[in-house]
Amino acid sequence: RDVERSRVLGDVYKRQEELFAAFIQTLALHHKQERSVAFYAGKLCVTPKYLSLLVKNVSNRTAGEWIDNYVVLEAKALLSSSTLSIQEISDRLNFTNQSFFGKYFKQHVGISPTEYRKKW
């Protein structure tokens, strides 16, 4: 009976790992346009709550943290290696306006996009 139970738990964990991998693949494709857990959950045909739970179980980070990390890494790359204006970067990352992008970036990095660009 314990063997059966551990097999079932193993299958559940394997499924969560597969969904996590699919989440990361989807995130890599869409992080420039989409920042909501609900979007990624919809793409994977699961609820946002379930996606959040399984991502946390598999990676010890929330789905929101993964999304934010991808967006911030993309923003940092664009700020340090392109001549795009901050407005153009904001548009490219699908922020409603440059002000919102600036607040988002500063919240996650600790400095403004302009300050970040000056450092790099």
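The values are calculated or read from the model by the stated rules, or taken from the named source; none is laboratory data. Just so we're clear, the structure is a prediction, and the values are computed from it rather than from any experiment. Please note: Cβ atoms are built from the backbone with ideal geometry, for glycine as well, and neighbour counts cover all protein chains shown. When the accessible area is computed, the model is the full protein with side chains, heavy atoms only, and any ligands, DNA or RNA have been set aside. Shrake-Rupley method; radii C 1.70, N 1.55, O 1.52, S 1.80 Å.
Is one or more of the residues making up the stretch 35-43 within 17 Å of Gly102 (Cα to Cα) and crowded, with 17+ Cβ neighbours inside 10 Å? Can you show your working first?
At the first step, the residues of the stretch 35-43 found to be within 17 Å of Gly102 (Cα to Cα) are 35.
Now restrict to residues that are crowded, with 17+ Cβ neighbours inside 10 Å: 35.
Yes; the residues of the stretch 35-43 include at least one that is within 17 Å of Gly102 (Cα to Cα) and crowded, with 17+ Cβ neighbours inside 10 Å.
Please enumerate the residues belonging to the stretch 19-34 that are surrounded by fewer than 18 Cβ atoms within 10 Å (Cβ to Cβ) and touching a residue at least 60 places away in the same chain (Cβ under 8 Å).
Passing the criteria: Lys32, Gln33.
Can you give me the ranges of the helices (runs of 4 or more DSSP H) entirely in the stretch 48-120 with at least 3 residues that are open to solvent by less than 50 Å² (accessible area, probe 1.4 Å), within 19 Å of Ser36 (Cα to Cα) and out of contact with any strand residue (DSSP E or B) (no Cβ under 9 Å at 6 or more places or on another chain)? Working first, answer last.
Values: elements: 48-59, 63-81, 86-92, 98-109, 113-119.
In the stretch 48-120, 48-59, 63-81, 98-109 are the helices (runs of 4 or more DSSP H) which contain 3 or more residues that are open to solvent by less than 50 Å² (accessible area, probe 1.4 Å), within 19 Å of Ser36 (Cα to Cα) and out of contact with any strand residue (DSSP E or B) (no Cβ under 9 Å at 6 or more places or on another chain).
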